[in-house]
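Below you'll find the structure, written out as structure tokens, and then a few comments.
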Amino acid sequence: MDALRALFAQERAALAPECAGVFGRQGLFIGCDAEFAEQMVTPMLGRRVDLHLQGAGRLIGDAVCAPDELPFADDSFRLIVLHHAFECLAAPEALREELVRVLEPGGVALIVGFARFGAWRPWLAWQMRGQTAPPQPASAGAWRRALARGGVDVYAERRIGAQRLSVAGAELRLPPALRSSWLLLARKRSTNALLRTHPVALRPRVARAHLASGTQRASA
């Protein structure tokens, strides 16, 4: 578990500057435990809603709800942070759809998930105890494609975790794809009513005669 705690600390460090830089009315934090959200600082958000999983089918914190029925209006949040909670759900697709719904146009979503291999597997198995579905973490690519279908585009992807691995006394440098977790930074597409979706025909420019300085036009 020490390796997992260290990974969570690295994830918070990666999220901190992104969260601190978002300005808006309110943000939504959904984590796998209460400790995660308590340690995140968001000085430019007017209000924050913090939720975390209790068991497999309920979110608790500033509200109590099912993961697939968030009690918030459409386009409510400028910032949404999802920290591993979806990996503890048998069907995370409904939560993803809800997050897209409540994220405001132009708003930022920060999603953190586990890579395919790492020290997280025993922890995730314990979190999902009693469920019939085995842990099935989604890849960053799967999330990227699903978000794009909902109108949320990933503009950056980062890998988090140890960069080196000790094997038989030698240190091996890990490629980014083999690090323990991933972070997606995404933004919901904005709609601008001032932008025309069809080309507009322009009038031909008419050449105008210029009078010399000091002269006047003759009136009819």
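General observations
- Among the conditions (1) at pLDDT below 95; (2) within 20 Å of Val102 (Cα to Cα); (3) of a type in the set (Gly, Ala, Ser); (4) surrounded by fewer than 18 Cβ atoms within 10 Å (Cβ to Cβ), Gly24 misses just one, which is (1).
- Residues within the stretch 68-101 that are part of a helix (DSSP H, G or I) and either under 19 Å from Gly57 (Cβ atoms) or without any contact (Cβ under 8 Å) to a residue 40 or more places away in the chain (or both), tallied: 12
- Against the conditions (1) in contact (Cβ under 8 Å) with a residue 24 or more places away in the chain; (2) more than 15 Å from the chain's Cα centre (by Cα), Gly27 satisfies every one except (2).
- Residues satisfying the stated conditions in the stretch 34-46, i.e. assigned to a strand (DSSP E or B) and surrounded by 13 or more Cβ atoms within 10 Å (Cβ to Cβ): Leu45
- A single member of Glu69, Glu11 is charged (D, E, K, R) and more than 21 Å from Ala156 (Cβ to Cβ), and it is Glu69.
- Scanning the stretch 27-41 for residues that are at pLDDT 95 or above and not hydrophobic (A, V, I, L, M, F, W, C) gives a single hit, Gly27.
- With respect to the conditions (1) under 16 Å from the mean Cα position of the chain (by Cα); (2) over 23 Å from Glu98 (Cα atoms); (3) aliphatic (A, V, I, L, M), Ile80 lacks only one, and its number is (2).
- Residue selected from the stretch 118-145 under the condition of a type in the set (Lys, Arg) and either at pLDDT 95 or above or buried (at least 19 other Cβ atoms within 10 Å of the Cβ) (or both), by the criterion nearest to Phe8 (Cα to Cα): Arg144
- For the stretch 31-38, the count of residues that are small (Gly, Ala, Ser), over 21 Å from Ser181 (Cβ atoms) and touching a residue at least 12 places away in the same chain (Cβ under 8 Å) is zero.
- Of all residues in the stretch 76-91, one or more are in contact with a Cys (Cβ under 9 Å, 6 or more places away or on another chain) and at positive phi.
- Checking each residue in the stretch 103-117 for being crowded, with 19+ Cβ neighbours inside 10 Å and either free of Cβ contacts under 8 Å to residues at least 24 places away in the same chain or outside any strand (DSSP E or B) (or both) picks out only Ala115.
The values are calculated or read from the model by the stated rules, or taken from the named source; none is laboratory data. The shown structure was predicted, so the numbers you read here are calculated from the model rather than taken from an experiment. Note that each Cβ is placed from the backbone with ideal geometry, even for glycine, and that neighbours are counted across all protein chains shown.
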